[in-house]
1. How many of the residues making up the stretch 25-40 are of a type outside the set (A, V, I, L, M, F, W, C) and either modelled with pLDDT under 95 or open to solvent by less than 30 Å² (accessible area, probe 1.4 Å) (or both)?
2. Just wondering, is there one or more residues in the stretch 180-196 that are under 19 Å from residue 139 (Cβ atoms), crowded, with 22+ Cβ neighbours inside 10 Å, touching a residue at least 60 places away in the same chain (Cβ under 8 Å) and of a type outside the set (D, E, K, R)?
3. Suppose we filter 122, 130, 71 for residues that are open to solvent by 10 Å² or more (accessible area, probe 1.4 Å), assigned to a helix (DSSP H, G or I) and without any contact (Cβ under 8 Å) to a residue 60 or more places away in the chain; which single one remains?
4. Step by step: first the residues of the stretch 133-167, then only those that are open to solvent by less than 30 Å² (accessible area, probe 1.4 Å), small (Gly, Ala, Ser) and over 21 Å from residue 73 (Cβ atoms), then the one that is farthest from the chain's Cα centre (by Cα). Which residue is that?
5. Restricting the search to the stretch 74-107, which residues are open to solvent by less than 70 Å² (accessible area, probe 1.4 Å) and touching a strand residue (DSSP E or B) at 6+ places or on another chain (Cβ under 8 Å)?
6. Please go through the stretch 41-68 and give me each residue that is loosely packed, with under 13 Cβ neighbours inside 10 Å and in contact (Cβ under 8 Å) with a residue 40 or more places away in the chain, ordered by number.
7. Please state which one of 252, 302, 259 is closer than 17 Å to residue 206 by Cβ, over 19 Å from the mean Cα position of the chain (by Cα) and among the β-branched types (Val, Ile, Thr).
8. I'd like to check something: does the stretch 54-61 contain any residue that is assigned to a helix (DSSP H, G or I) and within 24 Å of residue 3 (Cα to Cα)?
Amino acid sequence: MPAQIYNPFSTFNFSNRNCFLTGEALTSAEEKIQVFPQWLMSRYKLEDQPLKMLDENMITYKDLKVPCKAGVNEAFLEPLEAEIAAAFDIGYDAVKALDDLKLFQWAGKMLYGVIFNEIQSGIKLQHSQGEEFNISQAIIHKFTNLHLMLQSLNLPVIFDGFKSYSIFLFKVDNDIEEFYYRDEINTLTFSLRIKDFGLIICLQDNGANGKFHKETVEKIGEALLHPIQFEEFCGRVFYSAYLFNRLPEYNILPVGDDIYLEAMPLRGLSSKPLFDDWMPKTYGQVLESFWKNWNFLLFEIIKNPEQPMSFLFNADGSLINGSTIGLSR
């Protein structure tokens with residue numbers, strides 16, 4: 001008998017009475033876990049740092065929690081957190097050695113936790129105004145698939161010959177105390193810059209962004225990047241994730257006790273390219289946001305409208321040595 005998949009979006013159940021991962025009824029209001037794991041918050045003193053929600057309300061990192069069955073947390077989430085924490089303690093080499101599915105699960109759990117809280121806030125806000133909560137079907141489709149894939153944590157869910165994600169990992173010359181996190185829930189894209197590395201994950205593109213940026217990744221290789229170089233690559237990935245114009249579809253195939261996920265071809269029936277056209281000016285606006293720490297303005301970035309400023313590559317396409325960049329970290 002195959003395991004039963006839980007889909008909170010079928011009934012829009014985002015109450016605190018059911019486990020976010022399994023849907024099991026909770027026995028206590030105390031059965032909650034932090035969205036940002038305690039080890040990460042303690043290490044970077046994040047508990048009281050501010051976060052802005054989509055409804056413009058400000059909360060702190062420690063305020064973000066999801067309801068979770070104690071047994072589920074103990075059996076599936078705590079071991080994952082322990083493995084990720086140990087690797088992050090060591091740094092780039094240990095993170096690179098991790099099973100990338102575990103990185104996906106860890107980042108996906110965190111991003112889904114943010115989504116869960118955003119949906120709860122949205123439901124409360126619209127109900128207080130006497131309105132029904134409204135969210136686009138495309139976004140529901142993405143969130144449903146992310147939640148389905150997160151259940152590979154607690155169910156025998158098997159990705160049949162594909163990876164639903166693209167992962168980018170680089171060595172970065174960070175300030176040792178720095179914690180830099182960014183997410184974009186509409187495109188399910190996540191980045192983290194800490195310790196001696198930078199990590200970006202596109203959580204639901206079936207590897208398309210990985211292929212899109214393959215040449216750039218190969219040029220960078222094992223080079224040690226200046227933080228502004230990593231943020232430039234982040235800008236490229238977040239922008240390409242926005243340009244990605246497919247909604248991945250999956251077949252769910254129960255086989256014995258297992259649940260196989262099969263990815264449908266991204267091209268589908270459309271002859272349209274997987275990515276919309278890259279617009280240098282729009283990309284320049286993305287870079288301005290990612291380079292805020294260094295105070296570059298849009299008119300500087302797109303002085304040459306067809307060739308926005310780059311700290312990654314020289315005009316001839318060769319990689320710039322990060323140690324030669326005379327900017328603060």
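1. 5
2. Yes.
3. Numbers: 122 fails: without any contact (Cβ under 8 Å) to a residue 60 or more places away in the chain; 130 fails: assigned to a helix (DSSP H, G or I).
Result: 71 is the single residue among 122, 130, 71 that is open to solvent by 10 Å² or more (accessible area, probe 1.4 Å), assigned to a helix (DSSP H, G or I) and without any contact (Cβ under 8 Å) to a residue 60 or more places away in the chain.
4. Among them, the one singled out is 164.
5. 77, 88, 91, 92, 95, 100, 101, 103, 104, 107
6. Taking the stretch 41-68 as the starting set, the residues that turn out to be loosely packed, with under 13 Cβ neighbours inside 10 Å are 42, 45, 48, 50, 52, 55-58.
The answer is 55, 57.
7. On the way: 302 fails: closer than 17 Å to residue 206 by Cβ; 259 fails: closer than 17 Å to residue 206 by Cβ.
From the options 252, 302, 259, the qualifying one is 252.
8. Step one: list which residues in the stretch 54-61 are assigned to a helix (DSSP H, G or I), which gives 61.
Remaining after also requiring within 24 Å of residue 3 (Cα to Cα): none.
For the stretch 54-61, residues assigned to a helix (DSSP H, G or I) and within 24 Å of residue 3 (Cα to Cα): absent.
The values are calculated or read from the model by the stated rules, or taken from the named source; none is laboratory data. Predicted model, so just to flag it, every value in this text is computed and none were measured. Here the Cβ is made from the backbone with ideal geometry for all residues, glycine too, and neighbour counts use every protein chain on show. With ligands, DNA and RNA removed, areas are computed over all heavy atoms of the protein, side chains included. Shrake-Rupley method; radii C 1.70, N 1.55, O 1.52, S 1.80 Å.
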